[in-house]
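What follows is calculated from the coordinates using simple rules that are stated; it is not laboratory data. This one's a predicted model, so the numbers in the text were calculated from it and none came from an experiment. A quick note on method: Cβ atoms are made from the backbone with ideal geometry, for glycine too, and the neighbour counts reach across all protein chains shown.
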Amino acid sequence: MSETANATETEGEPTSEKLVELAKRRGYFFQSSGSYGGVGGFYTFGPQGAALKGNVEDAWRDRFAVAEGNMEIDAPTIMPEPVFEASGHLEGFDDMLVECPDCGESHRADHVVEDDTEYEDAESLPIPEVEEVIAEYELVCPSCGAGLAGQAVEAFNLMFATNIGPGDSQPGYLRPETAQGIFVEFPRLKEYARNQLPFGVTQIGRAYRNEISPRRSIIRTREFTQAELEYFVDPETDEPDLERVENVEVALYPASEQQTDDGEVIETTVGAAVEEGVIGDPWVAYFLGVAKPWYESVGVDMDRFRFRQHLSGERAHYAADCWDAESEIDGNWIELAGFAYRSDYDLSKHAEHSGDRFTVFRQYDEPKTVERATVDPDMSYLGPEFGGDAQTVVSELEALAGRDRAAFEGDAVEIDLEGETREIPVEKTGFAVEEETIAGEHVTPHVVEPSFGVDRLVYTVLHHAYREDEVDGEERTYLELPPEVAPTFVGVFPLQNDADLEAQADEIVDDLREAGLSVSYDDSGNIGRRYRRQDEVGTPFCVTVDYETIEEDQTTVTVRERDTTAQKRLSVDELAETLTAIREGDLAFDEL
RNA sequence: GCGCGGAUGGUCUAGUGGUAGGACCUGAGCCUUCCAAGCUCAUGGCCCGGGUUCAAAUCCCGGUCCGCGCACCA
């Protein structure tokens, strides 16, 4: 796979340019709203692209939801403002930009302030204050040195804002990641998991970011598809089953290697990487081990694939360890997925903001018995006695019972009420020491988050599948897509314009479609042209009906394989069955 | 958001102040017993707006979009 791949990389225009052209021409993807001049950062997947993307999503679902025993949900793309107040996107997703009046460069205003003043967390300052600081310190443009005083600082939030319902009473935002839709519904989702940790919830869907500068076709867009898994674990008791992935070979690029000049990618196994502490968190290691063979199965070239650890500065403060899956495109590494241990950050934030309970009850092996001091004050006494302060008195009594049981040993208990010491007869407090059985405790689960970018993966799969070779002296372009994800699985052709051949071919098309295969019928031009057409969209097999097919008793057709152009004769009766087996990966063309 | 470069049929491209040509693709037909062959015919285009001009696809300005660099990428 890799030899031809590298050959196509070495000369001529970059594969990306040829691929983008092919994608446009053959219906993989193209810029949206072209008739209206186009709009930056939005792409439409054409017939081939939509099928490929759908197949990739199905493969992801099979592996990360079905095979892992996780549950999939489908949440809205619009959520109300409080969700993003809790998640931190409303504030943290906001960049402050200031433009230089001389050279026109835009800079992060908070960075300018932090670099040249004693302020350390300028991002949290309100904008007018940042403007004042810039004026006060006479800060200058980092590029050209011109004064920035008096320049407006603009807030730029990467979330798309909208209004829910008529008027502007309820602001909402298009989600900048699919994850919040899972976190927000946690209290209900944990019920579906029967309150048992660990459990995982997946979601495949669109997310939106109003990027300042979308780039490089579908690699960085404003609307994109994510496939995310939020795996909820009990941080004290749950451990991944590393044995299942310990022998998976991985290429790791740890932070320590990135920080040296001649840092190298380490070829190792998941098991060894955990043992040697290269991967800090075993859950992250587990999912790296699941992801690697999966990426290979959908067509990512493993010679152009690695896991890169985030540098400490790159990592969110709550994340213990974070790795990205990366693929190489024309010499550049792009992020395909992130694997982060997010601790209880997300659930705690939503618990705090919503007031709902984002915990799971962890039952002790043995119930614990504890003594607890309680009060049950006689309000018919406290009310008349203390009037409006009665509730304060109750609170004081409760607190006192918790911290100083001995205070209730006499006939009266003393409490402090606004600096004044007051006495209350113990018999009126309802003081009691009770034995209580505690069966367990409420735990906020920690979250392990493998988060996949689907569009970038589709791009990588196409890019890594792109091939140029020669057949009988003629140049050929083809996509070496794995049969499992190829948008069209088989082309069916009559050898020539001939009513009998066409009739037989039609019948075969019906049979194959009935068997659930994606079939393309083509009877135009000569046979070679039709093969090349299918090669270019990556159709793995072509079936040709010739005169032998209709003359013989035992009807056969030729089946031609895309990558080698080799042909074999197969009986029509077993055609659907054989091709289905190949698509399922149970049979190889070579074995026919 | 800034700087540089670009935008001509579906795709790739030639070109000039007087509204455009090629190649491939696509469709119809002929030919053709397995790899982009040949022949005939057909469809289809100057990114948008303004300005200069008798006349603008061409020159100028603005915008949109694309590529690259800077910045950004929670």
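So the values come out like this:
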quantity	calculated
Highest to lowest packing among A:169-176, A:295-302, scored as the average C-beta count within 10 Å	A:295-302, A:169-176
Paired Rg and Dmax values of the stretch A:382-458, which use every Cα atom, in angstrom	23.8, 78
Helix-derived mean residue ellipticity, 222 nm - over chain A, DSSP H n ≥ 4, -39500 (n - 2.57), to 500	-9000 deg cm²/dmol
FRET efficiency, A:Asp553 to A:Glu474 (Cβ-Cβ, R0 41 Å, nearest 0.05)	0.70
Sorted largest first, extent of the stretch A:140-296 alpha carbons per principal axis (Å)	59, 50, 33
Virtual spin-label span in nm between A:Ser35 and A:Asp262, 7 Å along Cα→Cβ	6.0
Cut-off 19 Å, label 7 Å out along Cα→Cβ of A:Arg61, residues of the stretch A:445-468 by amide N	A:451-458
Relative pair counts by distance (%), Cα atoms of the stretch A:261-364, 5 Å bins	2, 10, 17, 19, 17, 13, 9, 6, 4, 2, 0
Against the rule of thumb 2.2 N^0.38 Å, how large the Cα Rg of the stretch A:298-432 comes out	2.01
Exposure proxy ranking, count of Cβ atoms within 10 Å, fewest first, for A:Thr392, A:Thr202	A:Thr392, A:Thr202
Extension gain from A:Asp411 to A:Ser354, taking 0.36 nm per residue of separation minus the Cα-Cα distance	16.2 nm
Pair-distance profile P(r), taking every C-alpha pair of the stretch A:490-533, with 10 angstrom steps and integer %	31, 53, 17
Globularity index of the stretch A:432-577, i.e. its alpha-carbon radius of gyration over 2.2 N^0.38 Å	1.73
Alpha-carbon Rg with Dmax, taken over chain A, Å	32.1, 112
Computed FRET value (nearest 0.05) for A:Ser524 with A:Asp241, which takes r as the C-beta separation and R₀ as 51 Å	0.40
Whole-Å distance, taken between Cα centres, linking the stretch A:316-360 and the stretch A:270-309	16
Centroid-to-centroid separation of the stretch A:47-66 and the stretch A:383-405 [C-alpha atoms, Å]	62
